[in-house]
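Each remark here refers to the structure printed beneath this line.
The values are calculated or read from the model by the stated rules, or taken from the named source; none is laboratory data. These figures come from a predicted structure and were not determined experimentally. Backbone-built Cβ (ideal geometry, glycine too); neighbour counts: all protein chains shown.
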Amino acid sequence: MQFAVVASDLAPLRTCNDLLKYADDMYLLVSASNSSSCTEELEHIACWADRNNLKLNNSKSKEIIFFPSRRHQNAAPTPPATAGIEQVSTLKVLGVTLSSDLTLAAHIDNTLTSCAQSLFALKTLRAHGMSYSSLCSVYRATTLAKILYASPAWWGFTSASDRLRIEAFISKSKKLKLYADSDPNFEALCKSADDSLFHKIISNHDHSLHYLLPPHTSHPYNLRLRRHNLQLPTISSAPFHQKNFLSRLLIKDSY
């Protein structure tokens, strides 16, 4: 909390860049067209830290460059913006692993590996006599919750193979009698999480994501009731925009 108060006056030097702060984590976002400002922005953050009796720890700082996977294959290595800062191809941001090629394979790998360890722990608990209902409750509260964590942010970017791997894990859980056959599949769980978050955003003006919603629209003629009366986003040819959470839900709930 103290760091959040101290960092409230820190802003990027250039308005085209962005600085995101979460508790004691900080993320500097710089567009490709403005990449020459990286060093300047990092020096600005280091000077701010020095004025506030803090220190920018380069050994704990990472740099990642995002670009489409097709370009990634032929792209030449880019030197780090600042000496001493490691350049990585994957970065965990608030529990979600982001890859430089904007795919979710690394996140799915890490999540399923961790969940496999949870299954082993649950089987151990079963061997020690834990009841079936308690095992199912622990599975939902730990393993399933871990896979579902932040799903509205990343579910739209998963590939067909990513989804098959997750469903295969859920099937394995059913064989172990940790998840009932009648329970919803993972895609249904993700859609439910999407709908729940979207409802909170559009119904609560104080929600942290409410400002991202497009303006309201009105029509002089009567139409069937929709979940929202917001302007629909322009359908872009870029796959990224079509997979974005708000774009997906705004379009979905317009039908």
Report, by residue number, each residue of the stretch 181-214 that is farther than 30 Å from PHE169 by Cα, of a type in the set (Gly, Ala, Ser) and assigned to a helix (DSSP H, G or I). SER203
Of all residues in the stretch 126-141, how many are surrounded by 15 or more Cβ atoms within 10 Å (Cβ to Cβ) and farther than 18 Å from PRO184 by Cβ? 3
Take the residues of the stretch 245-255 that are more than 15 Å from HIS216 (Cα to Cα) and surrounded by fewer than 17 Cβ atoms within 10 Å (Cβ to Cβ): which is modelled with the lowest pLDDT? TYR255
Scan of the stretch 4-42 for residues that are touching a strand residue (DSSP E or B) at 6+ places or on another chain (Cβ under 7 Å) and part of a loop (DSSP other than H, G, I, E, B), ordered by number: LEU10, ALA11, PRO12, ASN17
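Here's the yes/no breakdown for (1) modelled with pLDDT of 95 or more; (2) under 22 Å from ARG248 (Cβ atoms); (3) outside the structural domain of LEU246 (by TED's automatic domain parsing); (4) among the hydroxyl-bearing types (Ser, Thr, Tyr):
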{"position": "SER99", "(1), (2), (3), (4)": "no, yes, yes, yes"}
{"position": "ALA116", "(1), (2), (3), (4)": "no, no, yes, no"}
{"position": "LEU119", "(1), (2), (3), (4)": "no, no, yes, no"}
{"position": "ARG126", "(1), (2), (3), (4)": "no, no, yes, no"}
{"position": "MET130", "(1), (2), (3), (4)": "no, no, yes, no"}
{"position": "LEU135", "(1), (2), (3), (4)": "no, no, yes, no"}
{"position": "ALA153", "(1), (2), (3), (4)": "no, yes, yes, no"}
{"position": "ALA160", "(1), (2), (3), (4)": "no, yes, yes, no"}
